[in-house]
Amino acid sequence: MDTIPFNSISIILRSLDFAAKRHRSQFRKGEEKTPFVNHPIQVANLLANEGGEADPVLLSAAVLHDVIEDTVETVEDRNDLIAEIREIFGDEILSLTLEVTDDKTLVKEERKRMQIEHGPGRSDRAKKLKIADKITNIRDLMYYPPAGWQRSRIIAYFDWSEQVVAGLRGVNAKLDNLFDAELRNARSMYRADS
């Protein structure tokens, strides 16, 4: 399926419904245990309302960006989910979703290294999505850090995210500037807490 059989609003709403169902039993790692689906919604919201992005493919993939990575356990389930996303959303949204999906068969450090290494070769849409994802994660770390995360681990995330975003820049100046501002705020907050 190469074309989206829905209008822009319809496809975005459908992606919200799909992600909400897939993430329904998941929660963020912060002490507040907010529903996990809030995160992809925040990423899409940031892209649209702070980044000025109106592309329905980008916004739908933003909502779906953690579905493949975080809602299946086996390769067979992953393949079934990919086929389902292709059937419902088409190849364009699936392709972008896969482009920003980490390979969970790799160890965490390798996945992190690959985000830095492969960032510059990503499509413009994927770069925008990844920058928005990092901004949202930094905001969460500032105000709702995961239980048990030490200050050093949070600061290490800030440093790593800066390395990732270095290879993504230049596709949306608003997102670049917003990332820089949030990173400055986060580092300032954690310096003040030391």
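A few comments on the model shown:
- Number of positions in segment 150-182 that are in contact (Cβ under 8 Å) with a residue 60 or more places away in the chain and closer than 28 Å to residue 31 by Cβ: 1
- Residue check for residue 190: touching a Gly at 6+ places or on another chain (Cβ under 6 Å) and surrounded by fewer than 19 Cβ atoms within 10 Å (Cβ to Cβ): no
- Per the listing 155, 138, the residue uniquely touching a helix residue (DSSP H, G or I) at 6+ places or on another chain (Cβ under 7 Å) and either surrounded by 19 or more Cβ atoms within 10 Å (Cβ to Cβ) or under 21 Å from residue 35 (Cβ atoms) (or both) is 138.
- In segment 87-102, the residues that are closer than 24 Å to residue 117 by Cβ, touching a helix residue (DSSP H, G or I) at 6+ places or on another chain (Cβ under 6 Å), at pLDDT 95 or above and surrounded by fewer than 21 Cβ atoms within 10 Å (Cβ to Cβ): 99, 101
- Selection within segment 87-128 - of a type in the set (Val, Ile, Thr) and part of a helix (DSSP H, G or I): 88, 93, 97, 116
- Qualifying positions in segment 50-86 - outside any helix (DSSP H, G or I), without any contact (Cβ under 8 Å) to a residue 60 or more places away in the chain and crowded, with 18+ Cβ neighbours inside 10 Å: 66, 71
- Which listed residue, of 98, 129, 94, 106, is over 18 Å from residue 166 (Cβ atoms) and touching a residue at least 24 places away in the same chain (Cβ under 8 Å): 98
- Enumeration of residues in segment 95-133 that are under 18 Å from residue 75 (Cβ atoms) and hydrophobic (A, V, I, L, M, F, W, C): 98, 106, 107
- Tabulated pairs, segment 21-33, first among the hydroxyl-bearing types (Ser, Thr, Tyr), second surrounded by 13 or more Cβ atoms within 10 Å (Cβ to Cβ), C-beta under 9 angstrom, 6+ apart or interchain: 25/36
- Which numbered condition residue 106 misses (of (1) exposed (fewer than 14 other Cβ atoms within 10 Å of the Cβ); (2) modelled with pLDDT of 95 or more; (3) not polar (S, T, N, Q)): (2)
The values are calculated or read from the model by the stated rules, or taken from the named source; none is laboratory data. This is a predicted model, so every value here is computed, not measured. All Cβ positions, even for glycine, are placed from backbone atoms using ideal geometry, and neighbour counts span all protein chains on display.
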